[in-house]
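Everything below concerns the one structure shown next.
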Amino acid sequence: MDRIAHRLAITSALLGGLVLAALIVLTCFSITGRAFVFAGLGPIPGDFELVEVGIAFAVFSFLPICQVQAGHATVDLFTNALGRGTNRWLVAFWESLFAGVMVLIAWRLAAGMLGKLGNGETSMFLQFNIWWAYAACLVPCSIAALVAIWSAYDRLRAATTGHETRAISGEAQH
């Protein structure tokens with residue numbers, strides 16, 4: 001399961017990176033078009049709609065790799081003074097809570113997608129069906145939820161056995 005979670009996280013991050021790179025190119029072309037309006041060019045119509053959807057996709061795509069690498073921001077001002085075992089249980093608690101939140105977000109994205117699919121809402125300029133954006137985000141969000149569930153299990157296993165498979169946030173792997 002560890003290998004599957006890592007591969008899902010890496011694949012998701014790579015897809016998010018590709019989408020982010022495409023958005024950068026799109027934005028550069030659109031800005032360049034705005035700068036050369038006098039030459040008959042112009043902005044790319046609906047560029048902000050594509051950027052909005054693409055950024056949401058990218059954010060959800062990067063969550064799994066952040067989870068696997070314990071890269072989420074933490075404030076461990078007081079927990080550094082606690083013992084290693086206590087910290088393992090605290091990390092397991094927060095990882096479990098995060099997994100629950102990711103499952104909740106995926107569930108609500110699926111419900112939102114079905115709602116948008118049912119009402120036929122479209123974007124203002126490009127007139128694409130809004131449910132596509134929900135569906136696009138649901139895929140990496142579901143991967144993030146699966147990786148978060150694995151991560152919670154991994155941290156609970158570490159708390160109960162005392163054997164860590166990954167570094168706790170902010171420290172080197174031993």
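The values are calculated or read from the model by the stated rules, or taken from the named source; none is laboratory data. Every value quoted in this text rests on a predicted model; they were computed, and no experiment measured them. With ligands, DNA and RNA removed, areas are computed over all heavy atoms of the protein, side chains included. Shrake-Rupley method; radii C 1.70, N 1.55, O 1.52, S 1.80 Å.
In Å², and per residue, what accessible area does the chain have when probed at 1.4 Å with the other protein chains present?
Numbers: 10300 Å² over 174 residues.
Heavy-atom accessible area per residue stands at 59 Å².
One decimal place: the segment residue 25-residue 161 gains 44.1 nm when fully extended, by the rule 0.36 nm per residue minus the C-alpha distance.
Only Cα pairs under 8 Å and at least 6 apart count here; give the relative contact order of the range 24-146 as a rounded whole percent.
Values: 92 pairs, mean separation 33.6, N = 123.
Result for the range 24-146 is 27 percent.
Take every pair of alpha-carbon atoms less than 8 Å apart whose residues are at least six positions apart; their mean separation over the length of the range 1-70 yields a relative contact order of 49 percent.
Full extension of the chain between residue 3 and residue 122 gives 38.9 nm of extra length, using 0.36 nm per residue less the Cα-Cα distance.
Among the listed options (1) 1.08; (2) 0.98; (3) 1.29, the one matching Cα Rg over 2.2 N^0.38 Å as calculated from these coordinates is (3). Computed from Cα positions, the angle between helix 130-161 and the longest principal axis of the chain comes to roughly 10 degrees.
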